[in-house]
Amino acid sequence: MAAAAVSESWPELELAERERRRELLLTGPGLEERVRAAGGQLPPRLFTLPLLHYLEVSGCGSLRAPGPGLAQGLPQLHSLVLRRNALGPGLSPELGPLPALRVLDLSGNALEALPPGHGLGPAEPPGLPQLQSLNLSGNRLRELPADLARCAPRLQSLNLTGNCLDSFPAELFRPGALPLLSELAAADNCLRELSPDIAHLASLKTLDLSNNQLSEIPAELADCPKLKEINFRGNKLRDKRLEKMVSGCQTRSILEYLRVGGRGGGKGKGRTEGSEKEESRRKRRERKQRREGGDGEDQDVGDAGRLLLRVLHVSENPTPLTVRVSPEVRDVRPYIVGAVVRGMDLQPGNALKRFLTMQTKLHEDLCEKRTAATVATHELRAVRGPLLYCARPPQDLKIVPLGRKEAKAKDLVRQLQLEAEEQRKQKKRQTVSGLHRYLHLLDGNENYPCLVDADGDVISFPPITNSEKTKVKKTTSDLFLEVTSAGSLQICRDVMDALVLKMAEMNKYTFENKEEGSLSDTEADVAAGQLSDPSMSPSAAKDGPSPLVVEQVRVLDLEGSLKVVYPSKADLATAPPHVTVVR
């Protein structure tokens, strides 16, 4: 009888086991009582679903520990989201080893410490060998585990914002400890000093240590070779000039000030300032020559068979597109990156079909079936900026989904759920296709994220669909791209990099493989009103594929403060050798 009672109280587990699901989300008001009845832990039956790739349990004030058996029972788990629960003060038993885990979100809990045996997992061998993103923000951590780097050696993004940390463990910055770490956020803590050994983070691109108690910034920070964005606002620095700089200057200026020893230079690193400046001037001259090379540049690229991407800086663009972010998305899907790409050729043959297939594959692989991130592409001509990224209740969010009539998000999701059940019955399958596969990603959300244009129209409803209004067609040559994520900003950047590079490769393939193709009548009507000059069509190129132009898009908060710009100098930095990025 007891077993039957447990079975009846967890219908989600029965369904997941019966349909061999790879994703599971547990949330909602009924969860509190069930977890409390299970002793403040997850039910043991959950750990008998070895096919799970994605598990989320959020918003449960009764959940104090995950429960024993997680590591042994979920060996294929890629993403574990346990945010806004009551985990703490430690994790007993420890989470790992989880050999396949890439994303771990423990934000918004009551964690105070994560010592060995009561933390993330063992250090030898690494308990989280594939972990890329770790979110510990919004806890009560007083210290980090000294063996964190050994436990998760492939960590790329570490978010420690909103804790009680007064220092970082020295082991975090030892040479080679975290060779892939590119994003470190520890704002709103009690940090009193930053070790010069931070220079050993060779891949660090973004550092946010705002609102701490730092009095100095080590000059060695300037030795981080890839560092592009820093934030030290809200710290009382002894060097008042530096304190003023961190409040208003660009990262580049601050790092240069640190590099020459501060206060006019002459100390330490100032010895190499002349040679570094000369090298910087030389690189700027080369970039300028490439931009002004005109026909010669195109010929060089053609001869080498290289792909060309030209980045248009915001300052060079008379009408740059911007995205403003409302604070309510923070608890739903907080991260968004945008870009404009001009010069795509989707008219010949199956070019459009290949483009859409490429997006689907990106969602399946790098985006981990949209659990890590979601991509949306839009016809730029139909996008009216500035855009607003916000969250709305399901009954208030209206959209004209791709290929459907206008509907409220609440009704759309219900309709898709009904279609999914019907599809299963008709095909006698346990899985569904299309948008139906991603409905579970919305479970438990009181508000849904959306992107709204200047006309007030919702053009994107991630992670489900975007709007018929901005649908990409064969006649589309200029696109607005967006990538959103509930995991991390770095994931958005990585996915956007992959998307832009794939688009460049597609354009080259389309040019080199001349395909015959005709527009449909509907598309021809649209084209008649859009392409008044045949020479403006990408297909009109005779000598070679035109370079794609990537325009920077800024993401701002409602006060106008910059949150992110893409592509920054740190983006597209790992382009393959056959791609030339001109900035």
Restricting attention to the stretch 336-355, does a residue exist that is among the hydrophobic types (A, V, I, L, M, F, W, C) and under 24 Å from Asn445 (Cα atoms)?
-> yes
Is there a residue being modelled with pLDDT under 95, open to solvent by less than 20 Å² (accessible area, probe 1.4 Å) and either among the basic types (Lys, Arg) or under 17 Å from Arg102 (Cβ atoms) (or both) anywhere in the stretch 187-194?
-> no
Would it be correct to say that Gln130 is in contact (Cβ under 8 Å) with a residue 60 or more places away in the chain, surrounded by fewer than 24 Cβ atoms within 10 Å (Cβ to Cβ) and not aromatic (Phe, Trp, Tyr)?
-> no
Evaluate the stretch 101-123: report whether one residue or more is buried (at least 22 other Cβ atoms within 10 Å of the Cβ), of a type in the set (Val, Ile, Thr) and modelled with pLDDT of 90 or more.
-> yes
Filter the stretch 228-241 for residues that are open to solvent by 10 Å² or more (accessible area, probe 1.4 Å) and within 23 Å of the chain's Cα centre (by Cα); the one that is nearest to Ala187 (Cα to Cα) is Asn231
Scan the stretch 549-578 residue by residue and report those that are open to solvent by less than 30 Å² (accessible area, probe 1.4 Å) and either assigned by the TED database to the domain that holds Leu227 or under 17 Å from the mean Cα position of the chain (by Cα) (or both).
-> Gln552, Val553, Val555, Leu556, Val564, Val565, Tyr566, Pro567, Ser568, Ala570, Asp571, Leu572
Those residues of the stretch 318-355 which are open to solvent by 60 Å² or more (accessible area, probe 1.4 Å), in a loop (DSSP other than H, G, I, E, B) and farther than 21 Å from Phe511 by Cβ amount to Pro318, Thr319
Provide a single number: the residues in the stretch 13-31 that are open to solvent by 50 Å² or more (accessible area, probe 1.4 Å), assigned to a helix (DSSP H, G or I) and modelled with pLDDT of 80 or more.
-> 4
Can you tell me which residue among Arg437, Arg424 is open to solvent by less than 40 Å² (accessible area, probe 1.4 Å), closer than 30 Å to Glu19 by Cα, modelled with pLDDT under 85 and out of contact with any Pro (no Cβ under 9 Å at 6 or more places or on another chain)?
-> Arg424
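The values are calculated or read from the model by the stated rules, or taken from the named source; none is laboratory data. Quantities reported herein were computed from a predicted structural model and do not represent experimental measurements. Positions of Cβ are generated from backbone atoms using ideal geometry, with glycine treated the same way; all protein chains shown enter the neighbour counts. Surface areas here come from the heavy atoms of the whole protein model, side chains and all, with no ligands, DNA or RNA. Shrake-Rupley method; radii C 1.70, N 1.55, O 1.52, S 1.80 Å.
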